[in-house]
Each structure stands twice: as C-alpha cells, then as structure tokens.
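Worksheet for the structure shown next.
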Amino acid sequence: MHNQVLFLCTGNYYRSRFAEYLFNHHAPAYRLPWRADSRGLAIELLERDAGPISPHTLRGLALRRIPPEPVRPPISVTEPDLQRARLIVALKRSEHQPMLQQKFPDWAERVEYWQVDDIGDTHPDHALPQIETAVLALLERLAGGGG
C-alpha cells in the first residue's frame, strides 16, 4: 500500500505534472512507500488546444531523462482526491490558497504550500529547478520520517 502525495496547481498541465513525474521517478531510490499524483484547481482556464501536458514539462523531464508516463489530459481535483492523499502540496500559496478556500474550504489549511510561479511570471528554466529542489527536499523529509 502506498501513501499518496497530491500535487496541485491551476491547470494540472505544467508545474504539478512536473512535480508528480519527478517525485515518482526518484521515490524508489529513497525506498519510500509513496506515490505522487497531481490535479488542477482550475483546468477550465487552459487553452482549448493546449494538449495533454505542457511542452515545458516534457522538455524539463527529457533533460532529466525521466519518461512522462503515462501522458494523460489535465484532471480537475475532487474531494475524493483530497481525501485519498496523505500529503497535499499546492505549488504557489498566493495563487492556490484562494482557489482552495473557494472550492474546498475545509482543505485550504491542510495543504503545504510552495512558492513556484507559473509560466507567465517565471521562465521554466528557473521554475522547473525550483520544483526539482523542493521535490528532492520533500523526498528527503519523508525518508527521514517527516511528513
């Protein structure tokens, strides 16, 4: 049985997907019984022709030799998703806490918030390494018994 970390961002297209794949790629090396999944808080804001995953995410994964499998379309977060997760991480407090307060008020204070800007505010060459550093720190923390 695996514990689940759930990564949240706005569109489940870029940041949360990168965090999910990165976590799942590195977790076995830490011998952790954890798996990551990801969801979006407002996938309706994505462009209709955006495709299943950000090209920036695919590029970042390719540079790290991490296969983006399975590739799937963005998914909206639901209450059962939140209930299944042992740990929930939203990628940017100022962006995602208000969305959680509005859509899932009982959950907004149970989420760990990171501070990674979306594509309009920070270039992926800066944001993706930030996510990578945070994911690796999270794996270290979980391996040390924190959570």
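As an exercise: evaluate Arg65 against (1) touching a residue at least 12 places away in the same chain (Cβ under 8 Å); (2) under 19 Å from Gln130 (Cα atoms); (3) loosely packed, with under 12 Cβ neighbours inside 10 Å and give the number of the one condition it does not meet.
Only one criterion in (1) touching a residue at least 12 places away in the same chain (Cβ under 8 Å); (2) under 19 Å from Gln130 (Cα atoms); (3) loosely packed, with under 12 Cβ neighbours inside 10 Å is unmet by Arg65, namely (1).
Hey, among Ser16, Ser38, Ser94, which residue is touching a residue at least 40 places away in the same chain (Cβ under 8 Å) and among the hydroxyl-bearing types (Ser, Thr, Tyr)?
So the residue among Ser16, Ser38, Ser94 that is touching a residue at least 40 places away in the same chain (Cβ under 8 Å) and among the hydroxyl-bearing types (Ser, Thr, Tyr) is Ser16.
Just to check your reading of the model, which residue among Ile131, Ile75 is surrounded by fewer than 19 Cβ atoms within 10 Å (Cβ to Cβ), within 14 Å of Leu8 (Cα to Cα), under 15 Å from the mean Cα position of the chain (by Cα) and modelled with pLDDT of 95 or more? Step through it out loud before you land on a result.
On the way: Ile131 fails: surrounded by fewer than 19 Cβ atoms within 10 Å (Cβ to Cβ).
Result of the check over Ile131, Ile75: Ile75.
Output the number of the condition that Ala27 fails; it satisfies all remaining conditions of (1) aliphatic (A, V, I, L, M); (2) crowded, with 18+ Cβ neighbours inside 10 Å; (3) not in a helix (DSSP H, G or I).
(3)
The values are calculated or read from the model by the stated rules, or taken from the named source; none is laboratory data. Values in this document were obtained by computation on a predicted structure and should not be read as measured data. Note that each Cβ is placed from the backbone with ideal geometry, even for glycine, and that neighbours are counted across all protein chains shown.
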